[in-house]
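Visitor: Questions regarding the structure given below will be posed in turn.
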Amino acid sequence: MQTALKIGFRGEIHRIGVDLTSFGLPNLHAVFENTFGVLPGTYVVQYKDVDSNVVNVVTTEDFDTACCILLTMNESSSAKTLRFFAVLISKQTSIFDKVSTTVRQALDSIHNSKPSEQRSEDQTGATLTDTIHQTSASLGHTLQETLQKTVDGSKVVLDQAKKSWHDVELEHTLKQAAENIKVAAAGVSMYTQELVENIQKLHIAKPSTAPAPEPSPAPPITVPAPTPPAIQSEPTISPSEQAEPAQRTANETTKWAAELEIIHEIVPDADPTIVVALLETSKGDIQVVLDALTS
C-alpha cells in the first residue's frame with residue numbers, strides 16, 4: 001500500500017509515494033540527500049506533532065513514532081500523508097548539543113557512582129565543572145567572533161552606503177548650482193531690458209519741455225569797400241555762416257534731449273557729443289547706443 005510522503009527543505013517541497021512496510025529512516029535520509037543534495041550529518045529530520053511542536057527524528061524508534069502520530073492525525077482524511085522536513089545543523093547548535101551531551105554524561109556518571117565512593121564523586125564533580133567552564137569559554141569565543149564579523153560587515157555596508165549617498169548629493173548640488181547660474185544670468189539680462197523699457201516709458205509719459213530754440217541774430221549788412229581792381233580781396237565769412245555749426249549742434253542736442261537724459265542716468269560719464277552722434281547713426285536706438293558705450 002502506497003503512502004504519500006512530503007519532504008521539504010528551505011521552502012522546497014517534493015511529494016513521492018512509499019511503502020511503509022519496507023521504508024525506514026535510512027531510506028528517508030537517502031531521499032533527502034538525493035533530492036536536495038544535503039550531506040549526511042549536516043542536517044536533522046523533523047516533523048510537527050499534534051500540538052504543532054517540532055520534533056527531531058534521530059533514531060528508528062523516532063521514525064516509527066512519527067509515522068504513527070502523522071497517520072493518526074490524518075485518520076479523518078482519505079489520503080494518508082507523512083510530512084517531514086530537513087534543517088541544517090548550525091555551528092551554534094553543535095556547540096549547545098555538545099554542552100548538553102557533556103552535562104548529561106556527567107550527571108549519568110554521578111548517578112551511577114556508589115555513594116561510598118566520595119573521592120570518585122569529587123573527581124566527577126571536578127570533571128563536570130571543568131567541562132562546563134571549557135564549553136562556556138568555547139561558546140563565548142565563538143559567539144564573540146560571530147558578533148565581531150557581523151559588526152564589521154555592517155560597518156563596511158554602512159560606509160559604502162554613505163559614500164554612494166555623498167556622491168549622489170554632490171552631483172545633485174553641482175547640477176542645481178549650474179541651473180541656478182543659468183537662471184541668474186537670464187534674470188540679469190531680463191532685468192536690464194526691463195529697466196531700459198521702464199525708463200523709456202517714464203520719459204515718454206512726461207510732457208516734453210524742451211527749450212524753444214533761440215532766434216538767431218540777423219546777419220549784419222556789410223557793404224564791401226571799394227578795392228583797387230588789381231588787388232583781389234579774400235572772401236569774408238559772415239557771422240551767420242559762423243553760427244550755423246553751433247546752431248546745428250544745439251538743434252541735434254534738443255532733438256535727442258529725452259534720449260540723452262535716459263542714457264546719462266545709466267552712463268553718467270558719457271560724452272554728449274558722442275552720444276548725439278551715436279543716436280544720429282542708430283536713429284535713436286538707445287539699446288544700440290548703450291551697447292556701443294559699454295563695449
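Visitor: At pLDDT 90 or above and closer than 30 Å to Glu145 by Cβ: does that describe Arg15?
Guide: The answer is no for Arg15.
Visitor: While we're on this one: When the residues of the range 36-63 are narrowed to those that are among the charged types (D, E, K, R) and farther than 21 Å from His14 by Cα, which ends up modelled with the lowest pLDDT?
Guide: Among those that are among the charged types (D, E, K, R) and farther than 21 Å from His14 by Cα, it is Asp51.
Residues checked against (1) at pLDDT 85 or above; (2) hydrophobic (A, V, I, L, M, F, W, C); (3) out of contact with any helix residue (DSSP H, G or I) (no Cβ under 9 Å at 6 or more places or on another chain):
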site: Val223; (1), (2), (3): no, yes, yes
site: Ile231; (1), (2), (3): no, yes, yes
site: Thr236; (1), (2), (3): no, no, yes
site: Arg248; (1), (2), (3): no, no, yes
site: Leu260; (1), (2), (3): yes, yes, no
site: Glu265; (1), (2), (3): yes, no, no
site: Thr281; (1), (2), (3): yes, no, no
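Visitor: Any residue at all in the range 9-26 that is assigned to a helix (DSSP H, G or I) and closer than 18 Å to Asp64 by Cβ?
Guide: yes
Visitor: Taking the range 34-83, which residues are surrounded by 10 or more Cβ atoms within 10 Å (Cβ to Cβ), out of contact with any strand residue (DSSP E or B) (no Cβ under 9 Å at 6 or more places or on another chain) and not in a helix (DSSP H, G or I)?
Guide: Hit for the range 34-83 is Thr59, nothing else.
Visitor: Would you confirm whether any residue within the range 73-84 is among the hydrophobic types (A, V, I, L, M, F, W, C) and at pLDDT 95 or above?
Guide: Yes.
The values are calculated or read from the model by the stated rules, or taken from the named source; none is laboratory data. Since this is a predicted model, take the numbers as computed values, not measurements. Note: ideal-geometry Cβ built from the backbone for every residue, glycine included; neighbour counts use all protein chains shown.
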